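Below is one structure, written out as structure tokens; comments come after it.
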Amino acid sequence: MDVLGQLFEAGARALDGDAGTAESRPDTARQILTSARTVATNKLPEGEFRDRLLHGCERALATLDDDAPVAAEHCRAMAREVASRR
């Protein structure tokens, strides 16, 4: 599950923007979240935890173009969820 946590943190960082430019990178975040969704679908057993992560991925993907800070918070929430399962 460490891979999922890393992906969600990377998604949040991409949406928060680079330290030097302060621009978010929604295309990068979209690729990262798509990868996280694939990992969760293929590697986690069916159940509430997997469903929560997949829901979070969908919410982040749905908001990343219009509201990057909200999408970044979805990513951070999922990273916390993964960390709580260690």
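The values are calculated or read from the model by the stated rules, or taken from the named source; none is laboratory data. Model, not experiment: these values are computed from the prediction. Every residue, glycine as well, gets a Cβ built from its backbone with ideal geometry; the counts of neighbours run over all protein chains shown.
With the condition kept exactly as written, say whether any residue in segment 43-51 is among the aliphatic types (A, V, I, L, M), at pLDDT 95 or above, out of contact with any Pro (no Cβ under 6 Å at 6 or more places or on another chain) and surrounded by 16 or more Cβ atoms within 10 Å (Cβ to Cβ). Within segment 43-51, one or more residues are among the aliphatic types (A, V, I, L, M), at pLDDT 95 or above, out of contact with any Pro (no Cβ under 6 Å at 6 or more places or on another chain) and surrounded by 16 or more Cβ atoms within 10 Å (Cβ to Cβ). Looking at segment 60-86, which of its residues are within 18 Å of Arg13 (Cβ to Cβ) and either of a type in the set (Phe, Trp, Tyr) or not in a helix (DSSP H, G or I) (or both)? Matches in segment 60-86: Leu64, Asp65, Asp67. Quick check: is even one residue across segment 37-48 part of a helix (DSSP H, G or I) and under 23 Å from Gly17 (Cα atoms)? Among the residues of segment 37-48, at least one is part of a helix (DSSP H, G or I) and under 23 Å from Gly17 (Cα atoms), which makes the answer yes. Taken over segment 64-73, residues that are out of contact with any Ser or Thr (no Cβ under 7 Å at 6 or more places or on another chain) and either small (Gly, Ala, Ser) or modelled with pLDDT of 95 or more (or both) amount to 2.
Here Cys57 clears all of (1) of a type outside the set (D, E, K, R); (2) in contact with a Lys or Arg (Cβ under 8 Å, 6 or more places away or on another chain); (3) part of a loop (DSSP other than H, G, I, E, B) except the condition numbered (3).
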